4 protein chains.
Amino acid sequence: MSYKLRIKEIVETRNSRLGVIFDQSIQLLIVASVISFSLETLPYLSDEANLYLRIFEIVCIFVFTVEYLIRFWVSERKLSFVLSFNGLVDLMAILPFYLSIGLDLRSVRILRLLRLFRILKLAKYSSALSRFHVAFKLAKEELVLFFSVTLAVVYLASVGIYYFENTAQPVAFASVFDSLWWAVITLTTVGYGDVYPITVGGRIFTFIILMIGLGIVSIPAGIVASALAKARKIQDEE
Amino acid sequence: MSYKLRIKEIVETRNSRLGVIFDQSIQLLIVASVISFSLETLPYLSDEANLYLRIFEIVCIFVFTVEYLIRFWVSERKLSFVLSFNGLVDLMAILPFYLSIGLDLRSVRILRLLRLFRILKLAKYSSALSRFHVAFKLAKEELVLFFSVTLAVVYLASVGIYYFENTAQPVAFASVFDSLWWAVITLTTVGYGDVYPITVGGRIFTFIILMIGLGIVSIPAGIVASALAKARKIQDEE
Amino acid sequence: MSYKLRIKEIVETRNSRLGVIFDQSIQLLIVASVISFSLETLPYLSDEANLYLRIFEIVCIFVFTVEYLIRFWVSERKLSFVLSFNGLVDLMAILPFYLSIGLDLRSVRILRLLRLFRILKLAKYSSALSRFHVAFKLAKEELVLFFSVTLAVVYLASVGIYYFENTAQPVAFASVFDSLWWAVITLTTVGYGDVYPITVGGRIFTFIILMIGLGIVSIPAGIVASALAKARKIQDEE
Amino acid sequence: MSYKLRIKEIVETRNSRLGVIFDQSIQLLIVASVISFSLETLPYLSDEANLYLRIFEIVCIFVFTVEYLIRFWVSERKLSFVLSFNGLVDLMAILPFYLSIGLDLRSVRILRLLRLFRILKLAKYSSALSRFHVAFKLAKEELVLFFSVTLAVVYLASVGIYYFENTAQPVAFASVFDSLWWAVITLTTVGYGDVYPITVGGRIFTFIILMIGLGIVSIPAGIVASALAKARKIQDEE
């Protein structure tokens, strides 16, 4: 029994040297597994490279499965571990592999995407997120309001430009939905240049919308700044 | 009489369960009506789809008209309801439909735009806007000043680039008004890429204007941040 | 003598009703003169339109000259008025016209640009600028430092991209000076799309530079925000 | 000995008039040397211009070498000077030249890049950096966290767009690595316009990612703003 307790300490805490090594090895493997996932998407990969990536994938899945089983074994409340955030993320990281064995190749391609949930495993290790968490909770209501206002402005901008540009550019601004793409790319100041107004009315409208949009885009910075300042104050007072 | 009072409570407040259901149904219908409006702009819609959208539009108008009449009926001061912000918005949402019945089809197209005023009806339901409202009142004077300075910088930028680029690109920078379009798209950092300087002088000028412009664009964020911080402080002290 | 004093009050202050009317008329004429200047740059203007703009220009110059002479006449210290900021701006607004009479037409075109100094006359009338002025003085040192750091980053970015892209794109990235254009347009997030890296090395370099650049671009917003907050505090305490 | 002490005062401090002149001359030469480096990259330079630039380069190296030797001579702890930040930067500025004498011309081209380390010598002279330094130390942890979150979002965005756009645009979105370029250019709102989504799914995904990305991009502004405000407070209290 004390043997199980020692493993529990290694797996669940970072108190011992072995616990730190275990933690860092798992993190390293997650990063390596994510890189391997990216490499698989490269076109014209040689069969040899594909084989190595496949073997590495199987090794990763094996290690993550063993890790999951150990965590399950050492946990005191089995069910609450399985249903916890960490437990679900760990399961999501290995499940798609086993599900894809029995299926044909096409659907596997989409299931592979689920493997990326592994990246969420890294989030568990970061304790410094707490201040952001406090700031987020403080600013939650304002951020929801900001997103609603942004959505309304984006929508009204796309309706406006549709009426100005639809006649001059019937393909680029074919409907309000096509105009929505323009509104998103313009109000976020990305400006790819694939669609832009060419009529005088559309350009004046763009100018007015951008003046308002600039003010709106600057709001989350203000919200986050004041929330972070307050979160720091709360933490300092504790 | 107590029957009228009960309806009044349902329509005007969210105290009872029926009041909440009434409120949410109206909100849902507004969103559905806005989506239906967007769908109508899609090109190559089948006659069948057009018919369904038209029927849905008539249903919406009918419900909004009934809602308006009920609100009018239960209000104690009839005239002040009609002239209130909510009353006017409600009227604007249905009036264009009735006006367009007697008119020919061309002008209806423009009147349909007025139907979008319905989206403003959603604003009535949000009570969380108050902090933004306080912040806006605090920062009003500075925001007006900021917009004046921005307008002056945009104008001077367009005059400057006109003198640098007019000879090299006589079409893109044909006049100060054409240059204004460049100035707006550049200073807001949208940068579509449809017009940009190609002369050495114009590029150096763009660099200087952008350095100043970046400073100016960052001002509203600062204004909003300090105004929101103060608005939060005022609300906390109350 | 009391006649001169009354004119002095009208011209120099806004205490009387006539003083307010005089002030607003001059402001209106400045705006009209700036719009007229913009209209003159339109290509393919009819001879008639050109004539009307020319007449309006002469009227403006006449009024501004009379205004300048009256201000000179009522001022107690003639020399200090001529050398003051307002006096110099007023002179700059009319001088180019008189200088261009004796000269040939080509050089007049450049002198016309000086007429835009009139827009600075509007700045005189805004008293609300004081808080921005206080904030600017507080943040001056930091803004100078920020601009130095930005210049250094822009320069190093352009040297870096030159070494990555010069071989692949010998025209777009012909020298460090051509790369500077890319660096300015990228780090300010304008991104016209006329020049962009195509090599793998250049893209990774762009990614790193943008990560650093985003942090730097956010600095002035922070400086301005904290300076404005302090300026407001100083004004509240007075 | 007092002769050596006087030189030490000139070279190491700005107390005497000669010390200030020495300092400013060295700074001027660094800037001139950086400009000369940029001029060398210009294509189609005449042989004469190349010769003049080469001579100026040798003069710079000579002065910087003499400066380094004097600083070495007057320093009390020779070894700690050589290993100090200033000592290493000074050495890096001259070493590449001497190393390149014995080597063939190709490798010199890369070594010339190292000469740019001279620009770091300018950083020594700025004492106003201290507040930024304090602010950076305060915000270090949060900035590291921000960069991690940004990297994760950029990566997940590139995986997402790969699955949406890969079939429609097999060249532009060939692999996750190609999609990474799109993700960086879009989330930083640069938006060159060389790659952009064309499918409906990809555009909706871009919209969602940009909404999240805008919030993330605004975080460093908030971090820097609150850190600078605190750094100013710390300095005021001292």
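We did not get these values from a lab; they are worked out from the coordinates using the rules stated. No experiment lies behind these values; they were computed from the predicted model shown. Here the Cβ positions follow ideal geometry from the backbone for every residue, glycine too, while neighbour counts run over all protein chains shown.
I need the inter-copy label distances for A:ILE58: point set 7 Å along Cα to C-beta, values in nm with one decimal, smallest first.
Nearest first, the other copies' label points are 6.7, 6.7, 9.5 nm away.
Which Cα, out of C:VAL176, C:ALA221, C:TYR162, lies furthest along the positive dipole direction of region C:140-237 (beta carbon charges, K/R +1, D/E -1)?
The residue sitting most towards the positive pole is C:ALA221.
Summing Lys, Arg as +1 and Asp, Glu as -1, what charge do residues with Cβ under 15 Å from the Cβ of D:GLY202 carry, D:GLY202 excluded?
For residues surrounding D:GLY202, the net value is -3.
Helix A:17-40 against the longest principal axis of chain A: what's the angle in degrees, Cα atoms only, rounded to the nearest 10?
The two axes meet at around 50 degrees.
Hey, got a sec? Which trypsin sites (Lys or Arg not before Pro) in region A:29-99 land in a DSSP loop and have at most 10 other Cβ atoms within 10 Å?
Working: sites: A:ARG54, A:ARG71, A:ARG77, A:LYS78; in loops: A:ARG77.
When the trypsin sites (Lys or Arg not before Pro) of region A:29-99 are filtered for loop state and at most 10 Cβ neighbours within 10 Å, A:ARG77 remain.
Quick one: Cα centre-to-centre distance for region D:45-61 and region A:1-56, in angstrom?
Here the answer is 55 Å between Cα centres.
Using R₀ = 22 Å, calculate the FRET efficiency as 1/(1 + (r/R₀)^6) where r is the Cβ-Cβ separation of B:ASP236 and B:LYS140; round to 0.05.
Approximately 0.55, to the nearest 0.05.
Compute the distance in nm between two label points, each set 7 Å from the Cα along the Cα-to-Cβ direction, one at A:GLU76 and one at C:TRP73.
9.7
Going 7 Å from Cα along the Cα-Cβ axis for the label, what nanometre distances separate C:ILE234 from the same residue across the other copies?
Computed spacing set for this position: 2.3, 2.3, 3.3 nm.
May I ask for the angle, rounded to the nearest 10°, between helix C:2-12 and the longest principal axis of chain C, with both axes built from Cα atoms and the value confined to 0 to 90°?
Helix C:2-12 and the main axis of chain C meet at about 20 degrees.
Taking the label point 7 Å from Cα in the Cβ direction, how far apart in nm is D:VAL31 from each other copy of itself, listed shortest first?
With the label placed 7 Å along Cα→Cβ, D:VAL31 yields 4.2, 4.2, 5.9 nm.
Based on the alpha-carbon gyration tensor of chain A and its eigenvalue square roots a ≥ b ≥ c, which shape applies: rounded if a/c is under 1.5, prolate if not and a/b is larger than b/c, or oblate? Walk me through the intermediate numbers first.
On the way: a/c = 3.20, a/b = 1.61, b/c = 1.99.
Because a/c hits 1.5 or more and a/b fails to exceed b/c, chain A counts as oblate.
Summing -39500 (n - 2.57) over the DSSP H runs of n ≥ 4 in chain B and dividing by its residue number, what mean residue ellipticity at 222 nm do you reach, to the nearest 500 deg cm²/dmol? Display every interim value, and only then the final one.
Details: 10 runs with 190 residues, N = 238.
Roughly -27500 deg cm²/dmol at 222 nm, from the helical runs in chain B.
Quick one: which residues, 5 or more positions from A:THR41 or on another chain, have an amide H under 5 Å from its amide H? H modelled 1.01 Å from N in the peptide plane, none for Pro or chain starts.
Those lying under 5 Å, H to H, from A:THR41 are D:VAL176.
Sequence gap at least 6, Cα distance under 8 Å: using those rules, report the relative contact order of chain D to the nearest whole percent.
15
Based on Cβ point charges of +1 for Lys and Arg and -1 for Asp and Glu, what charge dipole magnitude is obtained for the protein assembly as shown about its Cα centre, in debye rounded to the nearest 20?
2440
Find the chain B residue whose Cβ sits closest to the rotation axis that carries B onto A, and give that distance in whole Å.
Smallest Cβ distance to the axis, with its residue: B:GLY193, 3.
Once both axes come from the Cα atoms, what is the angle between helix A:85-101 and the longest principal axis of chain A, in degrees from 0 to 90, rounded to 10?
Rounded to the nearest ten degrees, it is 90.
Along Cα→Cβ, 7 Å out, is where each label goes; now give me the distance between the ones at B:HIS133 and A:LEU42 in nm to one decimal.
6.0
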